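The block underneath contains the structure these notes are about, expressed in structure tokens.
Each reported figure results from applying straightforward, stated rules to the coordinates on display, with no laboratory input. All values derive from a computational prediction rather than experimental measurement. For neighbour counting, all protein chains shown are included, and Cβ atoms are generated from backbone atoms with ideal geometry for every residue, glycine included.
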Amino acid sequence: MLGRRGSLWFLAVPPFLWLLALFILPLIVVGAISLLPGTGRIDFSHGWPSLNQYQQVFATDIYIRRLGISAVMAFVVAASATILAYPIAYFLTFRARQRATVYLILLLVPFASSYLLRVMAWKLLLGSHGAINWVLTSLGLVTEPAGLLVYSQAAVVITLIYVWIPFAALPIYAALQRIDRSHLEAAADLGAGPWTRFARITVPMSLPGALATFFMVFIPTVGEYVTPSLVGGTDGFMYGNIIQDLFTRAGNWTLGAALAVVMLLAVLVLVLVALRLVDLRRVAV
Amino acid sequence: MTAAAGARRNAIGVGRTRVPLGPVYVLMLVFLYLPIAVLFVFSFSTNTTLSFPIKGFTTDWYGSVFKNAQLLAAARNSLVVGSLAATVATGLGLATSIAVVRFRFAGRGLLLALAGAPLVVPFVMMAVALFLIFSLLDVPRSLLTIAAGHSVIALPYAALILLSRLIGLDPALEDAAMDLGASYPTTLRRVVLPLLGPSLLSAWLTCFIVSFDEVAMAVFLAGRDQTFPVFLYGQLRFAQTLPVMIAMAVLLMVGTVTLTLVAYVIRARSG
């Protein structure tokens, strides 16, 4: 008969091995491949390790500039989605009362809708013959369709904010629900007005959740390539598009690997800085 | 929250500011639903390009969905990949959460960190990493490689859902079963699993949807057989197939929305 302690092996070892094989090891492999000197076959016997790829990354202006642009875009997307999701979560927590479930379900529908479909929806809205231009011309507000709406950085940012809002609302909702109501009642008893209570209690106590949400949106958005390839055009492409292109079209895996490593390190540095600022473990979703 | 607490809150007006949050919420819902609604209406239009105004209405695109063999194959592939990924992720998430919640051991913190770590790695990085290791090991890309990748990114979701449920479960129930002579595996099977049942289903459905909708990794990991998002992504550049694609995407969306709501209701009921 298997004891409790013996069972631990059967519980802990499979997930550990699975993540080792399909998460840690692949990341190490990317690192190793990024240190290959050439662009040809994967061959570790000649000239490995080499910093050739990294020299190329940092010598090519467009790569680092695009990483910067992508980080700024991701920042705008994550900050906007978090700020716009906050009143939604606040309403669900403090105002919706017995109808909260209905309102929450209304929020889950767009959340569960196909990602590609939602991106296509914005292409349909923003296109030069799209819905917005059609409405504007029908109303006589513009005489010629403004073709600039789609295929721009703005289109990418708007579309991504839209895609992330329902996702961002859920962890903030969880954070707001965890606030002990007695704090708010105590503050009210002591004469604090609604705004003071909001600014001095609700906001600080939900800040870790909001910051966690920010990063849960920011991290995937830095590496985004699907949305920019659909609505970004030549102006709105992101760092992820360069990586995708190196792998799918150019076949330059070694340089692509180096670009991916640079992105991951940049993201991890930002996350570690954030972890120093707030204890994210307190805000598990 | 109890009714009494709610009443007390009302009496002193906690959570009451003069900001009209109700209308703000409705506005946000309109913003969230309008694009989907426009696309839904558009899926019945006779227009073959993404353009307005709509010239006429038809249900032909929905009929064509069921005549397009490639499209149906891609949808079936997505079902297979999603089921595999969700089953693996839920199984491993279950094992992880029991180990982490019920045991104290040397690698506990590490296991917990590892299980959550895929959340802080951009998908394109995971895509590149798995693409390279599969190439290096001569593993042919197929539906299995997509499912393997998806199982990793879905695992944090399964682990989070099951962890939070398990923390709320009284360990005395397990002690009682073992005092009565059940082995630990029997206790897990006969006591813990039934209690976790709804959360397990909810975790599985969540993982399934994560996989079913995922495109950034799947593009890198797909072989000849494509999942529906990969197929859709590839077809979006060709205008002539666009209306059928949108119709199919709308149909599948109805499915995933239903699944998400089911997952939510199950979780809400099980507390």
Once the Cβ-Cβ distance between B:A268 and A:L136 is put in as r, and R0 is 35 Å, what FRET efficiency do you end up with, to the nearest 0.05? 0.25
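Can you put A:K123, B:K55 in order of Cβ neighbours within 10 angstrom, beginning with the fewest?
Listing A:K123, B:K55 from fewest to most nearby Cβ atoms yields B:K55, A:K123.
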Which residue, chosen from A:T101, A:Q53, A:A258, occupies the Cα position most advanced towards the positive end of the dipole of the protein assembly as shown, where the dipole is computed from +1 (Lys, Arg) and -1 (Asp, Glu) charges on Cβ about the Cα centre? A:T101
Using a Förster distance of 22 Å, the FRET efficiency for B:A172-A:R4 (Cβ separation, nearest 0.05): 0.95
Go through A:A12, A:T234, A:F91 and say which Cα lies farthest out towards the positive end of the charge dipole of chain A; charges sit on Cβ, +1 for Lys and Arg, -1 for Asp and Glu. A:A12
Given H placed on each backbone N at 1.01 Å, which residues far from B:S45 in sequence or on other chains put an amide H within less than 5 Å of it? B:T58
What residues of segment A:236-258 lie in the reach of a label at A:A266, counting those whose backbone N is under 12 Å from a point 7 Å from the Cα along Cα→Cβ? A:238-243
Given A:A192, A:L170, B:L71, which one lies farthest toward the positive end of the charge dipole of the protein assembly as shown, if we put +1 on the Cβ of every Lys and Arg and -1 on the Cβ of every Asp and Glu? A:A192
Could you let me know the centre-to-centre spacing of segment B:207-256 and segment A:214-254, using Cα atoms, in angstrom? 18 Å
Under the Karplus relation 6.51 cos²θ - 1.76 cosθ + 1.60, θ = phi - 60°, what is the ordered set of whole-Hz ³J(HN,Hα) values for segment B:154-163, x standing for Gly and Pro? 8, 3, x, 5, 4, 4, 5, 5, 6, 4
Provide B:F238, A:F94 in ascending order of the number of other Cβ atoms located within 10 Å of each residue's Cβ, fewest first. B:F238, A:F94
222 nm [θ] for the protein assembly as shown, helices only, -39500 (n - 2.57) per DSSP H run of 4+, per residue, to 500? -23000 deg cm²/dmol
Using Cβ counts within 10 Å as a stand-in for footprinting exposure, how do B:S135, A:S80 rank, fewest first? B:S135, A:S80
Across segment A:207-219, in residue order, what do the Karplus-derived ³J(HN,Hα) couplings come to in whole Hz, using 6.51 cos²θ - 1.76 cosθ + 1.60 with θ = phi - 60° and x for Gly and Pro? 4, x, x, 5, 5, 4, 4, 3, 6, 5, 8, 4, 4
Modelled label-to-label distance, B:A106 and A:R181, 7 Å Cα→beta-carbon offset: nm? 4.8 nm
Taking θ = phi - 60°, what integer Hz values does the Karplus form 6.51 cos²θ - 1.76 cosθ + 1.60 yield along segment A:186-202, in sequence order, with x for Gly and Pro? 4, 4, 5, 4, 7, x, 6, x, x, 5, 5, 4, 5, 6, 9, 10, 4
